[in-house]
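*Asks:* I'd like to ask you about the structure that follows.
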Amino acid sequence: MPESINPQLRDHVQPAFLKALQFRRAIKAFDPERLIEPADFNFICQAARLAPSSNALEPWNLIILRQPALRAQFVERTGANPDQAGLASHLVAITAKTARGIDPAGAHLGHIGATVQGMTPEAIEAWRTRFTGFLANRIHVYGDDAAMFGFTARQAYLALENMLVAAALIKVDSCALEGLDHHEATSVLAGAGLIDPELDAFAVAAVFGYRSVDPKRPQARRPLEEIVTWA
Ligand SMILES: Cc1cc2nc3c(=O)[nH]c(=O)nc-3n(C[C@H](O)[C@H](O)[C@H](O)COP(=O)(O)O)c2cc1C
């Protein structure tokens, strides 16, 4: 028999969570007068921080573009929609580690091992060897810069999704923005001294704020039966 869960979770938490996911829409136009309270935006960032990552390497960073000139430059050079990326309360560029930035011999793994995970130098060395084997022989990305970036960028999207869901839970609107010129985005961030493009590159962006226009269409999805296979 499956173990039954606390009825409170089924009756209250599950519907509330699904309601938040239904509230979350890809908002195209934001009200520039409505800003997200700092404590609420901090909550959204905490959700990114707590996202899972392969090998616990957290290969992402969040850059909140709040200086007006920098933000305007980012919007213009990446071809972002000004009603979205220009007007939303917060515009976040999410970066992911490049092949060099995530290299098993590199500083990022050393930092995570020593500072975040509290590992000994010997344990970190053993991790470097294991992680090289993982990249080379398990997921077959080692030595292929684009595939290595794909590996880190996929995880940046988990941080992104946590942020979108956290925002929806507190009725903050959002939109993921992948359709930007990625080279220009990395170049703007590097030009402003916010990243070293050898180590980090733009992965995806997101905006957060409050809608000025409702979505044109209702949220539409395939039915569960079409997407779930029990085998
Ligand atoms: C990874 C990703 C990238 C996206 N990029 C863009 C984008 O660049 N511009 C945009 O307006 N919407 C973007 N979207 C929003 C999707 O178009 C939207 O989520 C989808 O049409 C479903 O609509 P809904 O989110 O309102 O349910 C993106 C969504 C995801 C998940």
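Rule-based calculations on the coordinates, nothing more; no lab input. Note that the structure is predicted; figures quoted are calculated from it, not measured. Don't worry about glycine lacking a Cβ; one is built from the backbone with ideal geometry, like all the others, and counts go over all protein chains shown.
*Asks:* What distance in nm lies between label points placed 7 Å from Cα along the C-beta direction at residue 147 and residue 190?
*Replies:* 2.4
*Asks:* With +1 on each Lys and Arg Cβ and -1 on each Asp and Glu Cβ, how big is the dipole of segment 111-209 about its Cα centre, in debye rounded to the nearest 20?
*Replies:* The dipole of segment 111-209 has a size of about 420 debye.
*Asks:* If you put +1 on each Lys and Arg Cβ and -1 on each Asp and Glu Cβ, how big is the dipole of the chain around its Cα centre, in Debye rounded to 20?
*Replies:* Using Cβ point charges on Lys, Arg, Asp and Glu, the chain gives about 540 debye.
*Asks:* Further question: Could you work out the helix-only [θ] at 222 nm for the chain, with each DSSP H run of four or more residues adding -39,500 (n - 2.57) and the total divided by the number of residues, to the nearest 500 deg cm²/dmol?
*Replies:* -12000 deg cm²/dmol
*Asks:* Among 205, 185, 39, which one shows the biggest mean-square fluctuation in a GNM of the chain, springs joining Cα atoms closer than 10 Å?
*Replies:* 39
*Asks:* Could you order peptides 213-223, 48-58, 138-148 by the average number of other Cβ atoms within 10 Å of their residues, highest first?
*Replies:* Ranked by mean Cβ neighbours within 10 Å, highest first: 48-58, 138-148, 213-223.
*Asks:* Right, next: Between residue 171 and residue 122, 0.36 nm times their residue separation minus their Cα-Cα distance comes to what?
*Replies:* Full extension of this stretch gives 13.0 nm more.
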